[in-house]
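Below is one structure, written out as structure tokens, with a few remarks after it.
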Amino acid sequence: MASPPPTLDGTCKLLPGPAPGSDVFATVAAEYAALAAEHGPRNVLVLKRHPTGLESLTDALAAIDREQAAGDPRSPRVESLPEHASKTIEEYDPTLSRLEYEERIELISLVIDGASRAVPDYLERAAAHESFSRDVGQLLLAATRQRLRLDDLESDDPHDCLAFLYAMNDRFHAELDDRDYVERADVIPQAVNLLEADADGLRTRVTDSFDAVLAVEFEEYRRLDRRYLAALTRDADLVCLGERHASVERTRVEPGRVATIAAEAGLEVESLEPATADGDGTEGSPSPPHRAITRFLATGEPPDRSPPDAAARAEPEDADPAGVARRVRTETAREEVRAVATEIESLRDRHGWSHDEFAVAVPRIERVPETRRRLRDAGVPTATIGTPSLVDDPAVNELYAVVTLQCERERDGDGDRFARAESPDRRRDSSDPRDVSLDRLRARVPGFSPELLSTTAGASVRRSLERWIRETDLKGRIAREEDWIDAREQYEGVRRVLEIARFVEETDLVGPDWQGLRRMLRRTIQYDAPYVHAVETRPPTGGVTVCAVDDLKYDSRKAVFLLDLIDETYPGEQFLTQLFPTAWLRNMPAYPAVTAPSDADIAETFETVDAADIGDPFEAYHAQRSRRRLALGARAAERALYCCSYERGSGSLQRTYDESRYLKLIESTPGLAFEEIDAAADAAIHGETNALEALLAQPRGELERVLREASTGGEADLGETEALFEEIAVVLEEGDIDDDLAEAVRSQFEFAAGEVVRDE
């Protein structure tokens, strides 16, 4: 049963489209200043729909507070909607516990394992796929956020697979209620119920602390979000601020334009021109050169090239393009990241920009770890900090090895088996978990011996792990051996393992012993996704931000690199989930997303759509969402936008550039253009890592050039070769060169001459 439409009393001010990030912040600041002047800064609550970009928004509003405070600065009250709803629930029941991600994995797996309902054959087969549990988890989270229950869907005759999964989700939440838990996806639905019922006078207690609410990013407020806002602002002034043609998350689950939704909710809709960073609304920093491209991607509006006079009308093709972005093309995804690293160092050399003025945006968050690693291998420091997949965390793997071996000791009752395992006569399969764990600890822990497991073991699994961490100096080893960014993430991984151990000792889901801890830790590592937790992109030390393109919506950088602009990702093929075939999704009205949009829905939601060219409604709808994602990523670039793509194999030896259809559309639109960036191997060298690689490659490369000329009867200028080698020799002798680097260069000469093994 659909929830009743929310009724809001206030004003909704809408920007005409995605504006530069600095202008968006200036506009929000201007609206906040007006409310703060009327009600006082501490009486204005600013709610942003999503947590991403919250720090940048807070900084922009803090400047207004400092101006109005007259020597008594106060921090603005800025919160994300989920965060505020969570505090509302805690105000009602401080003893209620929020279910952590790891705990959710364990509890829902137990619910599914104990199901009496027959598992559909399709799900039985799909369970063998690596991403199955993750895909099911995402579906159930979406259903929970929208409060979709099986009883509400019986009349819709849901698909057997959806009926089974919704039944499991209902049973899962019944278990949560029995244990006084609330999962994060259910925070807003529960808070809505509590506020609407004014349970124990909750609404009065929560709303007494503010007189006005500024709802930012209103285009992303879903139905339940708007109900929460309605319950929260019955006695407060409400101003909603949104952007037209900018909704990506809300349009995933409900079609429609933000202006229509605001009007239906009872808000008075006003158009608002964006303010500029200097606040006068007329002048500011120069418009970015790609502004017309951003507008075209978001609205379909081509650049205005109307000539000012008749002479210009005669030759419009000679006019400079109205929108220009830069394009990087490479042969492979690896070379794509390498070219981006080179261009970042080139921009730093030319403009003096710091690394934290750059952002590299990937299509989905799972691509962050690999992209970040490749950038750092190329010598570019990165700033993204979050919780990567536990399976990739060396510290977590060490602790899991400890837990595995403690399970063996607990089962054997003594340590003799470990002594036998050390015997050279012992022959076992190298994949044996005990062997793998022992090898891992020998490699990581100086002076490791099986006796160390005995000395750190105790009655409490959590305290035993803490003892291991102290005795082996795990945190000290992390600090000494890892870069600061990896160290922070590994510390977070260690904290998560200790939290799982604490939960094991407190819950009745699993036994409070090593076997129970291993079961839960193994399942968490197996189903954990990279960066499922909060990601910090502006840590104090700086560095290039690597993030999913969606995270740039409320952010801005001097230069933004949009990676993987191939048709397979923009718009892509699997828009909602890998769990079900697309053909099934088109016939699943009970799925928690838009699966059967009408032509009218598409035309109403996206101005970029030509009704005559819709074709498949499902594909057309979600392809337009993908186009918007590109637009929002593009608008985050203040000075330079880079569109990056690479070749893809076509199932044979032939490779082709399968660029995104949106890049091709931009290129074919009069007034929009790309500036090609040379990504070839012999392009200009920028950055210390690239310079070192080029230096090491020169001796062998030059000798190979001479040999090629000789073998084909050509003439090689040995004078150039001699001059190059003399220059390298001078640098090695007189330059401030690291001894290891100098030795590596000399080795390259010897390898080129055929001296593979050196005699010392």
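A few notes on this one:
- The combined condition, being open to solvent by 30 Å² or more (accessible area, probe 1.4 Å) and out of contact with any strand residue (DSSP E or B) (no Cβ under 9 Å at 6 or more places or on another chain), is fulfilled by residue 374.
- Scanning region 516-526 for residues that are of a type outside the set (Lys, Arg) and either surrounded by fewer than 17 Cβ atoms within 10 Å (Cβ to Cβ) or not in a helix (DSSP H, G or I) (or both) yields a single hit, 526.
- Entirely in region 90-204, the helices (runs of 4 or more DSSP H) that have 3 or more residues that are more than 20 Å from residue 528 (Cβ to Cβ): 121-126, 150-153, 160-179, 187-197
- Close Cβ contacts (under 7 Å, 6 or more residues apart or on different chains) running from residues in region 215-237 that are touching a residue at least 60 places away in the same chain (Cβ under 8 Å) and hydroxyl-bearing (Ser, Thr, Tyr) to residues that are part of a helix (DSSP H, G or I) and open to solvent by 10 Å² or more (accessible area, probe 1.4 Å) comprise 228/188.
- Looking only at residues of region 250-278 that are in a loop (DSSP other than H, G, I, E, B) and open to solvent by 60 Å² or more (accessible area, probe 1.4 Å), we find that the one that is modelled with the lowest pLDDT is 278.
- Inside region 481-496, residues that are in a helix (DSSP H, G or I) and free of Cβ contacts under 8 Å to residues at least 12 places away in the same chain make up a count of 4.
- Region 175-187, subset out of contact with any strand residue (DSSP E or B) (no Cβ under 7 Å at 6 or more places or on another chain) and open to solvent by less than 20 Å² (accessible area, probe 1.4 Å), residue farthest from residue 593 (Cα to Cα): 187
- When region 214-232 is limited to residues that are in a loop (DSSP other than H, G, I, E, B) and touching a helix residue (DSSP H, G or I) at 6+ places or on another chain (Cβ under 8 Å), the one that is farthest from residue 148 (Cα to Cα) turns out to be 221.
- Scope region 541-596; condition of a type in the set (Ser, Thr, Tyr), farther than 30 Å from residue 291 by Cα and part of a loop (DSSP other than H, G, I, E, B); matching residues: 541, 577, 591, 595
- Condition check for residue 78 on (1) at pLDDT 90 or above; (2) surrounded by fewer than 20 Cβ atoms within 10 Å (Cβ to Cβ); (3) in contact with a Lys or Arg (Cβ under 9 Å, 6 or more places away or on another chain); (4) under 30 Å from residue 60 (Cα atoms): one failure, at (2).
- Filter result (open to solvent by less than 10 Å² (accessible area, probe 1.4 Å) and basic (Lys, Arg)) within region 323-371: 327
- So residue 499, is it surrounded by 18 or more Cβ atoms within 10 Å (Cβ to Cβ) and in contact with an Asp or Glu (Cβ under 8 Å, 6 or more places away or on another chain): no
- The one condition from (1) out of contact with any Lys or Arg (no Cβ under 8 Å at 6 or more places or on another chain); (2) in a helix (DSSP H, G or I) that residue 379 does not meet is (2).
- Residue count for region 565-610 under the criterion of being in contact (Cβ under 8 Å) with a residue 12 or more places away in the chain and open to solvent by less than 70 Å² (accessible area, probe 1.4 Å): the result is 30.
- Scanning region 436-480 for residues that are among the aromatic types (Phe, Trp, Tyr) and in a loop (DSSP other than H, G, I, E, B) returns a single hit, 448.
- Among the residues of region 203-249, those that are open to solvent by 30 Å² or more (accessible area, probe 1.4 Å), basic (Lys, Arg) and under 26 Å from residue 549 (Cα atoms) comprise 222, 223, 244.
- When region 58-75 is limited to residues that are open to solvent by 80 Å² or more (accessible area, probe 1.4 Å) and in a helix (DSSP H, G or I), the one that is modelled with the highest pLDDT turns out to be 59.
- Number of residues in region 353-375 that are in contact (Cβ under 8 Å) with a residue 60 or more places away in the chain and part of a helix (DSSP H, G or I): the value is 11.
- Flag for residue 362 being within 29 Å of residue 501 (Cα to Cα) and among the aliphatic types (A, V, I, L, M): no
- Qualifying residue in region 362-378 (condition: modelled with pLDDT of 90 or more, under 17 Å from residue 638 (Cα atoms) and of a type outside the set (A, V, I, L, M, F, W, C)): no
The values are calculated or read from the model by the stated rules, or taken from the named source; none is laboratory data. Quick caveat: nothing in here was measured; it's all calculated off a predicted structure. All Cβ positions, glycine included, derive from the backbone under ideal geometry; neighbour counts span all protein chains shown. Areas reflect the complete protein model, heavy atoms only, side chains present, ligands, DNA and RNA absent. Shrake-Rupley method; radii C 1.70, N 1.55, O 1.52, S 1.80 Å.
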